[in-house]
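In what follows, a single structure is set out as structure tokens and then discussed.
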Amino acid sequence: MLTTIALFLGLAVVNIVKPGVGVTLSATTRPVPATAAPTLTSMMEHTVPASIIDAMAKNEVLQVVVSVFCSEQPARPSETKRGR
């Protein structure tokens, strides 16, 4: 219920304030350098971080998620150790 109220409040504020009206953006005059398309192996290598601290320092969100997910699973006790 609170989320719905916040959504409608935000929509009302945007319709009243109208952010961005009157702003004109100029096109860039510098050409954007072309980069080579990443290969499948380079994408897979980029998914797994060297360390979680390195991934956090570089703000690599996917690497942090993969690191947390992969380190959390071995830490869980197995079903036999839990006594079930």
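Based on the mean of other beta carbon atoms within 10 Å per residue, what is the order of 43-53, 17-27, 60-70, most packed first?
By packing density, highest mean first, the sequence is 60-70, 43-53, 17-27.
Could you sort 5-14, 31-40 so that the peptide with the highest average Cβ count within 10 Å comes first and the rest follow in order?
Most protected by this proxy first, the peptides run 5-14, 31-40.
Read the figures in this text as sums done on the coordinates, not as results from a lab. Note that the coordinates shown come from a computational prediction; the quantities given were computed from them, not determined experimentally. Here the Cβ is made from the backbone with ideal geometry for all residues, glycine too, and neighbour counts use every protein chain on show.
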